[in-house]
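Visitor: Handing you a structure now.
The values are calculated or read from the model by the stated rules, or taken from the named source; none is laboratory data. Note that the structure is a prediction, hence the values are computed from the model and not measured. Cβ placement follows ideal geometry from the backbone for every residue including glycine, while neighbour counts extend to all protein chains displayed.
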Amino acid sequence: MIYHLVTTQAWERFLREDRDIYRPPSLKTEGFIHCSTRAQLLDTAQRHFEGEEQLVVLGIVEKRIKPLLKWEPGREGQVFPHIYGGLPVSAIETTDLLSRNAAGEWEF
């Protein structure tokens, strides 16, 4: 399983649109959808979602997007999963919430 973080507002807007394919802004601007492994998730939230108090964590089944998935080098020598194309809703197996605790740290 790989994970994609999205703001609660953006996810709610997507759900209201009732579409089968999720296309965040990064797909248009960078050509892919940023994802993380479970081990990378909290650091990704900390680095890229300053000012947010809650995020939706999309749990994506890798085998359902295999033709679109590439593992590429990222920060600090880590390899990150990137999805090159729209994310089919059928590939999303779980949605969880990630929230900041009283100390301002992200937790499930």
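Visitor: How many residues are surrounded by 13 or more Cβ atoms within 10 Å (Cβ to Cβ), in contact (Cβ under 8 Å) with a residue 24 or more places away in the chain and either more than 19 Å from Leu69 (Cβ to Cβ) or of a type outside the set (A, V, I, L, M) (or both) if we restrict to the range 33-43?
Guide: 6
Visitor: Here's another thing I want to ask about it. On the given criteria, is Asp96 surrounded by 14 or more Cβ atoms within 10 Å (Cβ to Cβ) and either touching a Ser or Thr at 6+ places or on another chain (Cβ under 8 Å) or not small (Gly, Ala, Ser) (or both)?
Guide: Judged against the criteria, Asp96 is not a match.
Visitor: Assess whether Ile60 counts as being free of Cβ contacts under 8 Å to residues at least 60 places away in the same chain, among the β-branched types (Val, Ile, Thr) and surrounded by 11 or more Cβ atoms within 10 Å (Cβ to Cβ).
Guide: yes
For (1) exposed (fewer than 15 other Cβ atoms within 10 Å of the Cβ); (2) part of a helix (DSSP H, G or I); (3) at pLDDT 95 or above, each residue gets a yes or a no:
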residue	(1), (2), (3)
His4	no, no, yes
Arg19	yes, no, no
Gly31	yes, no, yes
Ala45	no, yes, yes
Glu50	yes, no, no
Val56	no, no, yes
Trp71	yes, no, yes
His82	no, no, yes
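Visitor: When Ala102 is evaluated against the numbered criteria (1) touching a helix residue (DSSP H, G or I) at 6+ places or on another chain (Cβ under 9 Å); (2) aliphatic (A, V, I, L, M); (3) surrounded by fewer than 13 Cβ atoms within 10 Å (Cβ to Cβ), which criterion, by number, is the only one it fails?
Guide: Unmet condition: (1).
Visitor: Now for a separate question. Any residue that is farther than 14 Å from Val6 by Cα, among the aromatic types (Phe, Trp, Tyr) and touching a Pro at 6+ places or on another chain (Cβ under 8 Å) - is there at least one of those in the range 82-98?
Guide: Looking through the range 82-98, none of the residues is farther than 14 Å from Val6 by Cα, among the aromatic types (Phe, Trp, Tyr) and touching a Pro at 6+ places or on another chain (Cβ under 8 Å).
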